[in-house]
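See structure below.
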Amino acid sequence: MNKQPADRTETISAFYVMAILERAKELERQGRDVIHMEIGEPDFLTPRTITDASIAYLEAGNVKYTPAAGLSELRASIAKFYRDRYGVTVDDERISITPGASGAFLLALGASLNAGEKVLMSDPCYPCNSNFVKFLGGRAQTIPVDACSDFQLNSALIEKHWSSDCKGAVIASPSNPTGTVIAPDVLRQAIETVHERNGVFYSDEIYHGLVYDGNDAVSALEYSPDVFVINSFSKYFGMTGWRVGWLIVPEAYAEVVEKLAQNIFIATASHSQYAALAAFDTATLDELEKRRLEFQKRRDFLYGQLHDLGFILPAKPDGAFYIYADCSRFTDDSYRFALDLLEAEGVAVTPGKDFGVNQAERFIRFAYTTSIERMGEAMARLARFIGEK
């Protein structure tokens, strides 16, 4: 038996934060108190309306496959959500229900990307996006970005780095790890630049809904129907473990995406889809708005605390639930800093090297997915750790 892993696995990077999480869990088993600010998972419970919908479906007992593209009722609810929130019309046939945003990305790239073609994306960015491209035989070209462009790609950067073997570009807004939101005109110009080159535009919108200070995130669909939009019930709707998301595709791709879904997934878990039907209920949306306001309070608290401790904060996040902080005043190795902080003080954070190579050693991502009280304790521990270095 040949036990050599497939060649494609050599290009796939691991999550460094998983080593931190594993060690954090081990410390907890030993009786240590660990404050988790490393994983992008809200601490709120799934809204009760959503859980009740799933329980009712399960108790009926008729738990069967759904169509590969998902429940027709859920696709219609998503289409209505886009009409109400963004003022855009999306045919149900262009919507596929997927096993989380990861499933949506695999379908979008699988339907459009050929082996050897390049996809442009920012550095820093969510690492799975580049790994998906590599897994499918493409090449991820990451472009260094900083506070000057709100840590986002823009038309000028896309034009500068575009080449004949480019397939398209990915923009995530609000972004992970920086929490920045791309300006509407900048998004529109980026889409136009990609389309002028006959490229494909992929819009990662999984943190939509989690935007602060009276701002909002615009959807790429507001500027073109010929884009791939990836979204999820995980973040704003608080359904991480349910593993359900959606993909909106250009009309020309609807049939091939459904064919891929049939073969790769068969269907997204039916109980998760029936649960997600309740995500758009008025009672659910009211609860989610309260949680959004709480996240804004947490952001303001953490931002102020990190600033006072001496971290350099290049951009105040407009959305998501992360702060990407420059820790170079305290270390020249953010990964070692994260490991040592966990061991010394029981505070778990994510090092910059999980998100690329662009000044990764300078940055730490803090997730404000725990209470202000717990974050206050984490900041006290962090202050002690810095003071003892």
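Over the chain, accessible surface divided per residue gives 43 Å², non-protein components excluded, 1.4 Å probe. Could you pull out the pairs from K134/K259; K25/K134; K235/K316; K25/K353; K118/K316; K134/K160 whose alpha carbons sit more than 24 Å apart here? Table pairs above 24 Å Cα-Cα are K25/K134; K118/K316. Loop-located trypsin sites (Lys or Arg not before Pro) in segment 317-378 (DSSP state other than H, G, I, E, B) with a sparse environment of at most 16 neighbouring Cβ atoms within 10 Å: R329.
The distance separating the Cα centre of segment 126-196 from that of segment 56-95 comes to 29 Å. Which residue fluctuates the most in the chain, going by a Gaussian network model with Cα springs under 10 Å, if the choices are A60, A217, A283? Between A60, A217, A283, it is A60 that shows the largest mean-square fluctuation. May I ask you to list the chymotrypsin sites (Phe, Trp or Tyr not before Pro) in segment 50-110 that are in a DSSP loop and have at most 10 other Cβ atoms within 10 Å of their Cβ? Of the chymotrypsin sites (Phe, Trp or Tyr not before Pro), the ones in loops of segment 50-110 whose Cβ has at most 10 other Cβ atoms within 10 Å are Y65. The label point for I266 and the one for S224, both projected 7 Å from the Cα toward the Cβ, are 3.7 nm apart. Structure remark: mean-square fluctuation, Gaussian network model of the chain, C-alpha springs under 10 Å; the largest value among D84, D333, D300 belongs to D84. Counting protein heavy atoms only, the chain has 48 percent of its accessible area on carbon and sulfur, 1.4 angstrom probe. Classify segment 157-314 as rounded, prolate or oblate, taking a ≥ b ≥ c as the square roots of the eigenvalues of its Cα gyration tensor: rounded when a/c is under 1.5, otherwise prolate if a/b is larger than b/c and oblate if not. Verdict is oblate for segment 157-314. Distance between the modelled labels on A283 and E10, one decimal in nanometres: 5.6 nm (7 Å Cα→Cβ projection). Between D33 and I372, the contour length at 0.36 nm per residue exceeds the Cα-Cα span by 120.4 nm.
The values are calculated or read from the model by the stated rules, or taken from the named source; none is laboratory data. Only a predicted model underlies this, so the values are computations on that prediction, with no experimental measurement involved. No Cβ is skipped: glycine too gets one built from the backbone with ideal geometry, and neighbour counts run over all protein chains shown. These accessible areas exclude ligands, DNA and RNA; they are computed on the full protein's heavy atoms, side chains included. Shrake-Rupley method; radii C 1.70, N 1.55, O 1.52, S 1.80 Å.
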